[in-house]
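> Quick one: this structure, given as structure tokens, is what I'll be asking you about.
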Amino acid sequence: MRIIGTGSSLPQQVVTNEDLSKIMDTSDEWISSRTGIKERHLAKEETTVSMSAEAAGRALRNAGIKAEDVDLIIVATITGDYITPSTACEVQAELGAEHAAAFDINAACSGFMFALHTAYAYLQTGIYKTALVVGAETLSKIMDWSDRSTCVLFGDGAGAVVVRAGGEESNEEGNGGGLLAFEQGTDGSRGKVLACEGRKNQNPLVQNPFVPSYVDMDGQEVYKFAVSTVPASILRVLEMSGTAAEDIKYFVLHQANIRIIQSVAKRLKADIEKFPVSLDHCGNVSAASVPILLDEMNQKGMLARGDKIVMSGFGGGLTWASAVIEW
Ligand code: UT7
């Protein structure tokens with residue numbers, strides 16, 4: 001399975017740390033030094049579906065294929081516009097991808113990686129040939145804007161890739177490249193350290209006053225989880241693929257905090273220059289962060305055929321997922 005096209009979409013409205021410091025008790029100094037985030041895009045007119053469809057359309061154009069050629073659409077999101085239909089179903093309609101089956105995946109910040117691995121399973125078994133994998137979030141609608149410890153961290157946006165079953169063209173080692181190894185994991189027992197409660201039952205047998213719920217995070221617990229789990233997961237996929245860390249051109253990590261990225265680089269003894277960053281201008285976009293960053297790299301011409309790349313997502317669930325791919 002190869003990634004043959006990428007695309008992304010960000011809301012027009014850019015909100016800087018300085019802007020936030022005018023409406024809450026925070027500062028550019030605190031946000032920048034603790035997280036590396038400088039600004040983020042926040043949706044006004046945009047929705048999870050509109051950004052997903054725009055990112056997906058751009059990925060299709062980048063791949064040079066038509067919507068009718070897509071067999072499968074998976075959208076990773078925790079902030080769909082509707083409970084049903086799923087975001088993926090709406091994207092299918094927007095694109096006119098009439099032959100595609102479509103569904104959403106909820107694995108929070110690991111969602112894009114879980115979706116990519118799910119697409120891989122369908123492609124590997126020969127069920128489908130071409131898939132669109134999207135990560136999209138409108139996190140600003142589930143933020144508690146009176147909680148400065150969470151609302152300053154997150155942003156809105158979408159990223160997408162087109163993946164195609166292939167391997168017909170062998171590389172020097174005699175394999176077709178693409179996805180070389182992956183793993184994913186879950187620790188549901190610690191899930192409540194990053195949570196957003198769903199709707200309570202309002203049926204006539206119960207009395208639940210309607211109270212909207214928002215993201216609640218124990219940042220330090222999630223931080224500890226990330227800096228221990230992510231390097232271990234990456235080391236496992238490197239070993240599974242028979243690849244040394246030195247042979248990896250880029251480590252494309254979920255963009256939550258620059259200090260997490262620096263810690264992972266240190267534990268892997270890898271050059272920090274190999275860890276591209278988008279969190280400075282996007283904030284944490286949960287499931288969308290990895291595909292947005294990948295698209296930025298692709299647009300800048302940073303990715304060449306044969307490059308080996310690690311991608312890793314981690315976060316709510318708790319969940320994590322890593323892969324080694326050959327571009
Ligand atoms: O994508 C999902 C994965 N999520 C993550 O990976 C998040 C991981 N966690 C983190 O990145 C960090 O824990 C945070 C950036 C969320 C927080 O950094 P921290 O160094 O753990 O700060 P803290 O929560 O311990 O807060 C330190 C202080 C507190 O004040 P006191 O109690 O020491 O007086 C907070 O009240 O900073 C205060 N604080 C703020 N101050 C200014 C919290 N938020 C803010 C803020 N502006 N926005």
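No lab work stands behind these numbers, since they all come straight from the coordinates. These figures come from a predicted structure and were not determined experimentally. As a convention, Cβ positions derive from the backbone with ideal geometry for all residues, glycine included, and neighbour counts pool all protein chains shown.
> Among 244, 63, 195, which one shows the biggest mean-square fluctuation in a GNM of the chain, springs joining Cα atoms closer than 10 Å?
Sorting by GNM fluctuation, first place goes to 244.
> I've got another one for you. Please list the non-local residues whose amide H lies under 5 Å from the amide H of residue 243, H modeled 1.01 Å from N, same-chain partners needing a gap of 5 or more.
Placed amide hydrogens put nothing under 5 Å from residue 243.
> Sticking with this one: Quick one: 3J(HN,Hα) in Hz for region 305-316, Karplus 6.51/-1.76/1.60 with θ = phi - 60°, rounded, Gly and Pro as x.
Running phi through 6.51 cos²θ - 1.76 cosθ + 1.60 with θ = phi - 60° gives 3, x, 5, 9, 10, 9, 10, 8, x, 7, x, x Hz.
> With a 10 Å cut-off between alpha carbons and a GNM built on the chain, which of 24, 311, 297 moves the most?
24
> Apply the a/c threshold of 1.5 to the C-alpha gyration tensor of region 216-327 and tell me whether it is rounded, prolate or oblate. Walk me through the intermediate numbers first.
Details: a/c = 1.78, a/b = 1.24, b/c = 1.43.
Because a/c hits 1.5 or more and a/b fails to exceed b/c, region 216-327 counts as oblate.
> Quick one: net charge around residue 18, please, counting Lys, Arg +1 and Asp, Glu -1 for every other residue with C-beta under 11 Å from its C-beta.
Working: positive: 22, 38; negative: 19, 28, 29, 39.
The answer is -2.
> Just how far, in whole angstrom, is region 227-259 from region 12-46 if you go by their alpha carbon centroids?
Measuring centre to centre over Cα atoms gives 28 Å.
> Let me ask something else. How charged is the neighbourhood of residue 62? Take every other residue with its Cβ under 15 Å from the Cβ of residue 62, and add Lys/Arg as +1 and Asp/Glu as -1. List each step's numbers first, then the result.
Numbers: positive: 2, 58, 61, 66, 164, 300, 305; negative: 54, 69, 295, 296.
Neighbourhood net charge equals +3.
> May I ask you to sort 223, 82 by Cβ crowding, counting other Cβ atoms within 10 Å and putting the fewest first? Write out the running numbers ahead of the final one.
Numbers: 223 17, 82 12.
Exposure proxy ranking, most exposed first: 82, 223.
> Could you quote the convex hull projected area for region 2-171, Cα atoms only and averaged over all directions, in nm²? Could you put the intermediate results ahead of the total?
Working: hull surface 44.3 nm².
Spelled out: convex hull of the Cα atoms, projected over all directions, averaged, 11.1 nm².
> Which whole-Hz ³J(HN,Hα) couplings does region 259-272 yield from phi under the Karplus relation 6.51 cos²θ - 1.76 cosθ + 1.60, θ = phi - 60°, glycine and proline marked x?
Values per residue, Gly and Pro as x: 5, 5, 4, 5, 5, 5, 4, 5, 5, 8, 6, 10, 5, 4 Hz.
> Counting other Cβ atoms within 10 Å of each Cβ, which trypsin sites (Lys or Arg not before Pro) in region 267-313 have at most 14 and sit in a DSSP loop?
Values: sites: 267, 269, 274, 300, 305, 308; in loops: 269, 300, 305.
Passing both the DSSP loop test and the Cβ count: 269, 300, 305.
> Now for a different question. Using the Karplus curve 6.51 cos²θ - 1.76 cosθ + 1.60 with θ = phi - 60°, work out ³J(HN,Hα) for each residue of region 219-224 in order, rounded to whole Hz, and write x for Gly and Pro.
x, 5, 5, 5, 4, 4
> With a ≥ b ≥ c the root eigenvalues of the C-alpha gyration tensor of the chain, is it rounded (a/c under 1.5), prolate (a/b larger than b/c) or oblate?
Working: a/c = 1.60, a/b = 1.22, b/c = 1.31.
Note, shape of the chain comes out oblate.
> Pulled fully out, how much extra length does the chain show between residue 247 and residue 304, if you take 0.36 nm times their separation in residues and subtract their Cα-Cα distance? Display every interim value, and only then the final one.
Details: separation 57, 0.36 × 57 = 20.52 nm, distance 1.39 nm.
That works out to 19.1 nm of additional length.
> Sticking with this one: In nm, give the distance between the simple-model label positions of residue 84 and residue 195, each being 7 Å from the Cα along the Cα-to-Cβ direction.
2.6 nm
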